[in-house]
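A.B. asks: Let me begin by handing over the structure; questions about it come next.
The values are calculated or read from the model by the stated rules, or taken from the named source; none is laboratory data. Predicted model, so just to flag it, every value in this text is computed and none were measured. So basically every Cβ, Gly included, is an ideal-geometry build from the backbone, and we count neighbours across all protein chains shown.
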Amino acid sequence: MDSGLSGAVAAPATEARHRVKVAIASDDEKGIAEHFGRTKGFLVVEVVDGSVQSRIYRPNTFTGHARGLEGAGHEVDRHGPILAALADCQAVISRGMGRRLYDDLKQAGVEVFITRETDASTAVSLYARGELVDRPELGCQHHHH
């Protein structure tokens, strides 16, 4: 399928560049969603050497909430699909997230940032500069809505 492409993808010069993909929970591609699992989608931004290279929007078709999995089987593999869907991302940003998912992402080696920021671009800029702060204490408030 990828005959001949493998060698041409990355020139040696790009090897040393610092490249990360960040997934931001977002309902409208601009703001940051309040709840990671219930977001309408994820803005996936590629940051190379501290500057934004690309951004794509992935609709959320994979979390338990989005797939309408409620009831008895809800716990079984609730977070597997979301972890798989964001497997190419090294960090995620949201304004809120359940503790289980927070821990699952951390265990999968993903940086998690719970933030008070509401603007996706601002959060990405802070992240790119290494100035975004994780506020896990904000992340578990959504049970009270």
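A.B. asks: Please find, within region 86-115, the residue that is modelled with the lowest pLDDT out of those that are among the small types (G, A, S) and more than 21 Å from S51 (Cβ to Cβ). Please lay out each step first, then the result.
C.D. replies: Filtering region 86-115 for residues among the small types (G, A, S) gives 87, 91, 94, 96, 98, 108-109.
From what's left, more than 21 Å from S51 (Cβ to Cβ): 87, 94, 96, 98, 108-109.
Values: A87: 91, S94: 96, G96: 93, G98: 88, A108: 91, G109: 93.
Top of the filtered list is G98.
A.B. asks: Could you tell me how many of the residues in region 116-145 are of a type outside the set (G, A, S), modelled with pLDDT under 95 and assigned to a helix (DSSP H, G or I)?
C.D. replies: Residues meeting the conditions: 7.
Conditions (1) under 22 Å from R116 (Cβ atoms); (2) at pLDDT 90 or above; (3) of a type in the set (A, V, I, L, M, F, W, C); (4) part of a strand (DSSP E or B), marked per residue:
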position	(1), (2), (3), (4)
E29	yes, yes, no, no
V47	yes, yes, yes, yes
F62	no, no, yes, no
H74	no, no, no, no
R78	no, no, no, no
P81	no, no, no, no
A84	no, no, yes, no
